[in-house]
Amino acid sequence: MKKFWLIAVVVGLAAGGGQADDGVIPASQAPGKALKVHAMDDGLALTPPMGWYPWNTFGQEPQNEKLIREIVDALAASGLKEAGYTYVGPDEGICFSRGSDGRITTNLQRYPSGLRGLGDFIHAKGLKYALYTDAGTHTCSGAMPGTNGHEFEDMRQFAEWRADYVKIDWCNTEGQDIVKTYTKLHDAQHAAGRPIVHSLCSWGDGSPWLWAAPVGHLWRTTADICAPGQVNWELAMKIAADNQKLYPYAGPGHWNDPDMLIAGMPGLSEARNRAFFSLWCIMAAPLMAGNDVRDMSESTIRVLTNPEAIAVNQDPLGVQGHIIRTEGKVGIWAGKPLFDGSQAVLFFNQGAAVESVILNLSELGIDPKAALYTRDIWQHATSGPAVSPYGALTVMVPPGDIRMYRISSHGDFPLPPVIVADTYLISLRASGASAQKLTGTVKLINKGTSELPLWKVRQDLPPWLTVAVAKNGKAQTFTNSISTAGLKKGLYHAVVRLDNTEPLTGKPMSAVYYDIDLEVPGDVGGVAR
Ligand code: GLA
């Protein structure tokens, strides 16, 4: 007998009735109010998702289980996992097919452990599982079936494979209504019962920023940033310029996605990697690395793991920065208040000569006479407190590079929480016919600088499970105690959800979910509690 203990997630929002409209809002427009969002209380993606996806480097071939496993190991070995990169898995290249029973099934030649087995491997490594599908009849290459007409069974299958994130492409969708389609996929996912981040990938078609917040956690705003393996700097810069205009529409749980990162791909200098990464950070863009993380220079690792840049991206207020002014070849990016009262500002010089730029503090809404501290996010150096004689910042920006700062009235520049886990899967097997106590722990480490209150178990647990939370400095452990008394032979499964709040703002943090598997090989005596 299979028992499936799944924790109910409170949901229940239909799509907002936004109008599809292909225009982006003009940069000059004051931030209007975006949609009322996510009554969907899933606690997912309250900061921009971070992870790795294969497409930018590998394209469809040679994605397979071996590659993904190597990438998972490299994420851990290189420090990217510690820096917060969490979601990982195949893109198109996932290679499932649809059987005569209508179900999608793993291609065991490409994924010998099965797509569930790959997910278990990823979860056991303390990472989250990302999968890919398409909303149309077929994926973009035409090689795989899309979800059209099979939305509910496919979302059930993704839940059974234990996905935590699904990217849903928009190829081969002729005649489909985009709002209805992604709404149906959202409903199907909720019917399947597993909390999953929904990544909508219509490349800006149908202006998803106008309506998708209640049905997805992020949406692509532009065309692909590159063909696999072929970095195109000019295109990436155009994408940044287009995406930044959409700043009013982003926020916790609903992000503009200007596509996966090209930082670290062949052909980019350190300055370009730094500039690119800084732009994605200040735009609160999802940080899905797209380079070959098995083979990275020290410089690439330094860029992708800069905790101070990541802190700007992962800031709990979730505000998207944007260009507030350009001066010659220099774009001034701001409008990014941070959780500690500081704000981020970035100067990007796309010209060929060093430029000196003056930014009046009043443009940032700061009192020109205030004594300020300035933190250089790439030099890791603080200056101040200083009162500017002219109420302005003067910055020298090297050609083709950025300068990025946090500006504050205090000098401590705390880093917000970034959560790293040792595992997201507890797998236990009972033995014998008499009752046993089994335990398994999950350890979470907060890579930010402030301590968190205790995580709170969100919901009723199945009767065989109790979860105790204990704190050890910045780390917290969740001890899962299982009593097998009175359990019948079978496989038992629970998804545990824990919640926390960020202490400076009191805002909810992204919920932590993990799976518990319990195998009971024979009926156990005793009385269930
Ligand atoms: C689209 C997406 C890409 C990638 C490919 C796969 O182009 O935008 O990110 O998923 O499909 O075919």
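The values are calculated or read from the model by the stated rules, or taken from the named source; none is laboratory data. Since the structure is predicted, the reported quantities are computational estimates derived from the model, not experimental observations. Because the Cβ atoms are built from the backbone with ideal geometry, glycine has one as well, and the counts that use them run over all protein chains shown. Surface accessibility is based on the protein's heavy atoms, side chains included, excluding ligands, DNA and RNA. Shrake-Rupley method; radii C 1.70, N 1.55, O 1.52, S 1.80 Å.
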- Query: Among the helices (runs of 4 or more DSSP H) contained in the range 36-93, which hold 1 or more residues that are within 13 Å of the ligand (Cβ to nearest atom), of a type outside the set (Phe, Trp, Tyr) and open to solvent by 10 Å² or more (accessible area, probe 1.4 Å)?
  - Reply: 55-58
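Let's see how each residue does on (1) in a strand (DSSP E or B); (2) within 16 Å of the ligand (Cβ to nearest atom); (3) touching a Cys at 6+ places or on another chain (Cβ under 7 Å):
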{"position": "224", "(1), (2), (3)": "no, yes, no"}
{"position": "248", "(1), (2), (3)": "no, no, no"}
{"position": "259", "(1), (2), (3)": "no, yes, no"}
{"position": "271", "(1), (2), (3)": "no, no, no"}
{"position": "279", "(1), (2), (3)": "no, no, no"}
{"position": "291", "(1), (2), (3)": "no, yes, no"}
{"position": "299", "(1), (2), (3)": "no, no, no"}
{"position": "312", "(1), (2), (3)": "no, no, yes"}
- Query: Would you say residue 351 is over 23 Å from residue 302 (Cα atoms) and part of a loop (DSSP other than H, G, I, E, B)?
  - Reply: yes
- Note on the structure: Note on residue 514: of the conditions (1) farther than 22 Å from residue 45 by Cβ; (2) touching a His at 6+ places or on another chain (Cβ under 8 Å), unmet is (1)
- Message: Please count how many residues of the range 107-121 are touching a strand residue (DSSP E or B) at 6+ places or on another chain (Cβ under 9 Å) and crowded, with 21+ Cβ neighbours inside 10 Å.
- Response: 3
- Among what's in the range 227-246 and is more than 15 Å from the ligand (Cβ to nearest atom) and not in a helix (DSSP H, G or I), pick the residue that is farthest from the chain's Cα centre (by Cα). 245
- Message: For the range 146-178, which positions are surrounded by fewer than 21 Cβ atoms within 10 Å (Cβ to Cβ) and either farther than 21 Å from residue 89 by Cα or in contact with a strand residue (DSSP E or B) (Cβ under 7 Å, 6 or more places away or on another chain) (or both)?
- Response: 148, 149, 150, 152, 171, 172, 173, 174, 175, 176, 177, 178
- Task: Quick one: which residue in 390, 424, 373 is aromatic (Phe, Trp, Tyr), touching a residue at least 40 places away in the same chain (Cβ under 8 Å) and open to solvent by 30 Å² or more (accessible area, probe 1.4 Å)?
- Result: 373
- Item | Scope the range 349-382; condition over 15 Å from residue 393 (Cα atoms) and touching a Gly at 6+ places or on another chain (Cβ under 9 Å); matching residues | 349, 350, 351, 352
- Flag if residue 124 is surrounded by fewer than 17 Cβ atoms within 10 Å (Cβ to Cβ) and either under 22 Å from residue 512 (Cα atoms) or within 16 Å of the ligand (Cβ to nearest atom) (or both): yes
- Item | the range 408-448, residues that are assigned to a strand (DSSP E or B) and small (Gly, Ala, Ser) | 408, 421, 427, 440
- Query: Are any residues in the range 434-450 surrounded by 13 or more Cβ atoms within 10 Å (Cβ to Cβ) and not basic (Lys, Arg), and if so, which ones?
  - Reply: 435, 436, 438, 440, 441, 442, 444, 445, 446, 448, 449, 450
- Kindly establish whether residue 215 is more than 22 Å from residue 55 (Cα to Cα), modelled with pLDDT of 95 or more and in a loop (DSSP other than H, G, I, E, B). yes
- Message: For the range 74-108, give me each residue that is farther than 20 Å from residue 160 by Cβ and without any contact (Cβ under 8 Å) to a residue 40 or more places away in the chain.
- Response: 77, 93
- In the set 453, 398, 463, 416, which member is in contact with a helix residue (DSSP H, G or I) (Cβ under 9 Å, 6 or more places away or on another chain) and surrounded by fewer than 17 Cβ atoms within 10 Å (Cβ to Cβ)? 398
